[in-house]
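Any read-out appearing in this document is the output of simple, stated calculations on the displayed coordinates, not a laboratory observation. Since the structure is predicted, the reported quantities are computational estimates derived from the model, not experimental observations. FYI the Cβ positions are ideal-geometry reconstructions off the backbone, even for glycines, and counts take in every protein chain you see.
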Amino acid sequence: MSNERAHRWLLCSPCMSLVIALWLFVGVPYLQSEQPKAREFEVKAAYLYNFARFVEWPDDGNGNRDGNGSLEICVLGADPFGQTLDATVAGQTVGGKNVAVKRISKPQDVGPCRIVYISSPEEWHLKDVLAALDKARVLTVSDIPRFSERGGMIGFVLDGNRVRFDVNLASAQGAGLTLRSELLKVATNVRKHPGDM
């Protein structure tokens with residue numbers, strides 16, 4: 001099965017198997033296409049959707065876990081995905097919630113977001129962004145260099161021609177999030193304590 005066909009099956013199959021999901025987490029090669037940057041963001045979009053399946057958010061104080069309504073994946077700042085992320089999550093659900101994409105321009109707009117992808121141009125004030133999101137109980141993800149070392153929760157890294165990711169478990173736990181062991185097992189590095197990595 002080609003990578004593209006397997007990737008499409010992974011997103012469309014109503015009963016996705018954990019084994020296939022983990023295959024994606026191990027790192028899908030992306031540099032084989034004519035437009036490697038576009039392919040890279042297709043893989044990152046698929047990761048964002050799949051991360052939602054391996055994270056548990058704390059309840060909202062009213063006994064509701066993961067918020068109400070849809071599960072929103074938000075892009076903070078300039079959007080490198082174009083329509084790729086929207087197409088990836090179209091018609092998808094996680095835990096019975098429809099997955100939606102929202103673009104926001106500042107951390108204060110996070111509202112019902114469950115996952116926030118922080119775009120690279122936001123690096124100049126990353127410390128302030130992460131501080132603003134600290135109590136928001138959102139999964140922070142980015143491809144900003146050393147993102148997980150700088151306090152972000154999941155940082156995309158390139159390993160040859162594969163997109164992989166590092167995890168800052170201490171940051172996720174500090175926000176009340178639970179990252180399932182299946183996700184941690186396939187991370188390139190897991191920072192369990194502030195001084196790790």
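Key figures for this structure:
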read-out: Above-threshold pairs, the threshold being 28 Å between Cα atoms, out of Lys97/Lys127; Lys37/Lys97; Lys102/Lys192; Lys44/Lys97; value: Lys97/Lys127; Lys37/Lys97; Lys102/Lys192
read-out: Pair Arg146, Asp134: separation of 7 Å Cα→Cβ label points (nm); value: 2.0
read-out: Rounded to whole Hz, the Karplus (6.51, -1.76, 1.60) HN-Hα couplings of the range 168-185, x for glycine and proline; value: 9, 5, 4, 5, 5, 5, x, 8, x, 8, 10, 9, 5, 4, 4, 6, 5, 5
read-out: Asn98 long-range amide H proximity, modeled H, under 5 Å; value: Leu71
read-out: 37 °C / 0.692 mPa s Stokes-Einstein diffusion coefficient of the range 81-131, Kirkwood radius on C-alpha pairs, µm²/s; value: 260
read-out: Virtual spin-label span in nm between Lys192 and Glu56, 7 Å along Cα→Cβ; value: 1.9
read-out: Kirkwood Rh and Cα Rg combined as Rg/Rh, the range 135-197; value: 0.94
read-out: Estimated distance in nm for a label pair at Arg103 and Gln83, the labels positioned 7 Å out from Cα along Cα-to-Cβ; value: 1.3
